[in-house]
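Enquirer: Let me give you the structure first, and then I'll get to my questions.
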2 protein chains.
Amino acid sequence: MTVRSRAKPVTILDVAKRAGVSAGTVSRVLNGANAPSETRRRVDAAVRDLGYVPNHAARSLKRQATEQIALAIPDVANPIYVQMATSIQRVAAERGYQLSLISTHNGATDERTVLRGLHRRQLDGMVLVSLRPGAALLEQIRDAADRLCLIGSYPDDLAVDAVRVDSAAGVHLAVGHLVDQGRRRLAMVNGTPGTVPAERRAAGFLDAFLARGLEVPSDRIVDGDFTTASGYRAVDDLLARAPDVDGVFCANDAMAIGVLRRLRERGRDVPNDVAVVGMDDIDMAAMTAPTLTSVSLRAEERGRLAADLLLERLNASEPIAPRIVNVLPNLVIRESSTRHTVLEAPDA
Amino acid sequence: MTVRSRAKPVTILDVAKRAGVSAGTVSRVLNGANAPSETRRRVDAAVRDLGYVPNHAARSLKRQATEQIALAIPDVANPIYVQMATSIQRVAAERGYQLSLISTHNGATDERTVLRGLHRRQLDGMVLVSLRPGAALLEQIRDAADRLCLIGSYPDDLAVDAVRVDSAAGVHLAVGHLVDQGRRRLAMVNGTPGTVPAERRAAGFLDAFLARGLEVPSDRIVDGDFTTASGYRAVDDLLARAPDVDGVFCANDAMAIGVLRRLRERGRDVPNDVAVVGMDDIDMAAMTAPTLTSVSLRAEERGRLAADLLLERLNASEPIAPRIVNVLPNLVIRESSTRHTVLEAPDA
DNA sequence: CTGTTAGCGCTTTCAG
DNA sequence: CTGAAAGCGCTAACAG
């Protein structure tokens, strides 16, 4: 366990010298090549005695690969991305890759910066979640297509691996459920205007009424920004605009939690006065009071699939044509949308 | 914006050739050395035309530094660590470092693995949060002392930079508040047994009674594991052991949220029947129903301080003696502990 | 101010 | 099976 501190790190040459072999042999032994047990023993001993640890930069430089991948997400504070991170991390670890997390701060980080690690060859590959892919980012994505997997919706002609979920279908599930519960005066708290998910979800919301031949509540969508605080604030807007509201669909659970809280402060009982349905089905949804009905977008599964696609591509000997995987949402019904409150056990 | 894909990446030599200068000059220009504007212009042009991006491995190998640091935390799903990560990330970015996140899965990850990036020189430094530093880890910490900053409590003779918070004092605040509210039959939901924070908090809990000359409720501490689900489960234990409980201190907010939920399911009104106080003051504490009184351990501040210590050390020209910074907790009173419920605005 | 040169530590031919 | 040698792409003396 002797590790040099500031001094000079021990190199493969030191090990070679001590083991009485060449650096090449040490390298081979360490990388699992066949070797006589005697050679192997001496190398191992030298490694242990000296506390040798291979230098990552040197190895990467030579091999042109770092065994590092990254997940770029809009916001570390959003549990849904943490869920993705967890499943990606698991897959990565299984295949000998290290995962690091990059937060793009909802797109505030310069788009160039996001893919920088990739271009510097500091990263072998990346799973990218962008809320609002602009032209510049798309250009960069194209250039790095062979080392990327996207999660989310991008132009069809992009020719990059992607995992998608039909969030509009998820919204239909939510609206259908609210209507089934007898709610007719519905409203929506949407996410950040101008982002793809917010646009899809709003479109899905309106479309769900159209599909049912109901009056379309186009003026009953208020904007939030996907954070809990924004959901909290949105309620005042909402009640000003639609005081008779009896059902609210929120574009994610984080906002739904803020909505729940503020509705309570404003004296509206959930679910008796107003039903609330969220989206994402985060763990916390089973813990709020009342527990939160939510559309699961299967974040964990999407993470796993994205990691599979990416690592398969990185390790392929020949070029692979771009693939798109689709995932289906499902509705998890809890207390916040059902008039007769029934307590239930937590998910986890 | 022309970036080569799989082919062969552009090197500094390609740039040099195109700019009609030497590689050394390109390197200097790119690293901000003085140069005649004409030289600078031609280099910049060549870089742009070729889409050159410096190779990180090569630079790291030569410079013996990666400009990368990491934060190792027990659990990405715990918001308190995400808070730390956010402030560390900010400091790191300001000083030109990239931060990556390593989850140790509550110590399940082999301790060697945690510091591996450091030993491989893949990381210049690390901020480490360990719940349960064992002998092997302490040994490793000592060896890497010049590139580490710890957050948490470690043996005093460790001679490593550390940021600490007096969590026992925080528990005293919580107990004092509960007693002031007239609660006498107190209990505690503790975190993972055997971890330093859990032990400190339990000790602080008992000590708070001793200090007040009250009867010490040693048999009223039930164990959780710092997760929301464990807080939920702990309530059944608690009510079996202490059916008359009128106040609960939880060793963190995640558990407190589970406790709130389960108490409600078991028909106990919070705060009227039972007061609940958590610890960490996560953002969600202002959003639960009722909102959660909590002891802030100033995670963001600790993160910032740790990052400052670490980066100062990494950039020091001479050895710096180890430093320990202490942070004081404070109590944030909300609805869950005060009988007359008053609604309040959210923190964020 | 700039070109040349010598490595950083490792892997990988290529011979033997 | 192993040693020798070349070189991954970059930076930092060192001369000029």
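Taken together, the values in this text are just the output of simple stated rules run on the coordinates, not laboratory data. Keep in mind it's a predicted model, so treat the numbers as computed, not measured. We place every Cβ from the backbone using ideal geometry, glycine too, and count neighbours over all the protein chains shown.
Enquirer: In terms of modelled amide H atoms, which long-range or inter-chain residues lie less than 5 Å from the amide H of A:GLU67?
Expert: A:ASP124
Enquirer: What is the distance in Å between the Cα centroid of the range A:58-98 and that of the range B:1-78?
Expert: 23 Å
Enquirer: Suppose a student asked you for the relative contact order of the range A:12-54, using Cα pairs under 8 Å spaced at least 6 residues apart; what percent would you report?
Expert: It comes to 45 percent, rounded to a whole number.
Enquirer: Taking each pair of different alpha-carbon atoms in chain A once, compute 1/r for the pair, average those values, and report the inverse of that mean as the Kirkwood hydrodynamic radius in Å to one decimal.
Expert: Result for chain A, one decimal place: 22.8 Å.
Enquirer: Same structure again: What number does the range B:144-223 give for Rg over Rh if you use C-alpha atoms and the Kirkwood radius? Before the final figure, lay out the partial values.
Expert: Details: Rg = 15.2 Å, Rh = 14.1 Å.
Computed over Cα atoms, the ratio is 1.09.
Enquirer: Further, regarding this structure: Restricting the count to DSSP beta bridges whose residues both fall in chain B, what percent are antiparallel, rounded to a multiple of 5?
Expert: Antiparallel bridges: around 10 percent, rounded to the nearest 5.
Enquirer: Under the classification rounded if a/c is under 1.5, otherwise prolate if a/b is larger than b/c and oblate if not, where does the range B:94-166 fall, given a ≥ b ≥ c as square roots of the Cα gyration tensor eigenvalues? Don't skip to the end; give the middle numbers.
Expert: Numbers: a/c = 1.41, a/b = 1.19, b/c = 1.19.
Rounded shape, in that the Cα axes give a/c under 1.5.
Enquirer: Give me P(r) over the range B:12-54, computed from all C-alpha to C-alpha distances, binned every 5 Å, as integer percentages.
Expert: Answer for the range B:12-54: a P(r) of 5, 30, 41, 21, 3 percent.
Enquirer: In terms of the Cα gyration tensor, with a ≥ b ≥ c the square roots of its eigenvalues, is the range A:1-117 rounded because a/c is under 1.5, prolate because a/b exceeds b/c, or oblate?
Expert: Details: a/c = 2.88, a/b = 2.44, b/c = 1.18.
Judged from the Cα gyration tensor, the range A:1-117 comes out prolate (a/c at least 1.5, a/b above b/c).
Enquirer: Amide H neighbours of A:THR293 under 5 Å, counting only residues 5+ apart in sequence or on other chains, H built in-plane at 1.01 Å?
Expert: Residues meeting the criterion, in which the H sits 1.01 Å from N, are A:GLY278, A:ARG334, A:GLU335, A:SER336, A:SER337.
Enquirer: Given H placed 1.01 Å from N in the peptide plane, which residues other than close sequence neighbours of B:ASN252 have an amide H under 5 Å from its amide H?
Expert: Excluding prolines and chain starts, which carry no amide H, the hits are B:MET279.
Enquirer: Calculate, for B:LEU214 and B:ASN330, the FRET efficiency according to 1/(1 + (r/R0)^6) with r their C-beta to C-beta distance and R0 35 Å; round to the nearest 0.05. Provide the component values of the computation, followed by the final result.
Expert: Numbers: r = 23 Å, r/R0 = 0.65.
For B:LEU214 and B:ASN330, the calculated efficiency is 0.95.
Enquirer: For the protein assembly as shown, what does the alpha-carbon gyration tensor say about shape, rounded, prolate or oblate, given a ≥ b ≥ c as the root eigenvalues, a/c under 1.5 as rounded, and a/b over b/c as prolate?
Expert: Working: a/c = 2.14, a/b = 1.30, b/c = 1.65.
Taking the square roots of the gyration eigenvalues as a ≥ b ≥ c, the protein assembly as shown is oblate.
Enquirer: Please report the relative contact order for chain B, taking Cα pairs under 8 Å with a sequence separation of at least 6, and give it as a percent rounded to a whole number.
Expert: This gives 16 percent for chain B.
Enquirer: Within 10 Å of each Cβ in peptide B:282-294, how many partner chain Cβ atoms are there on average? Round it to a whole number, please.
Expert: 4
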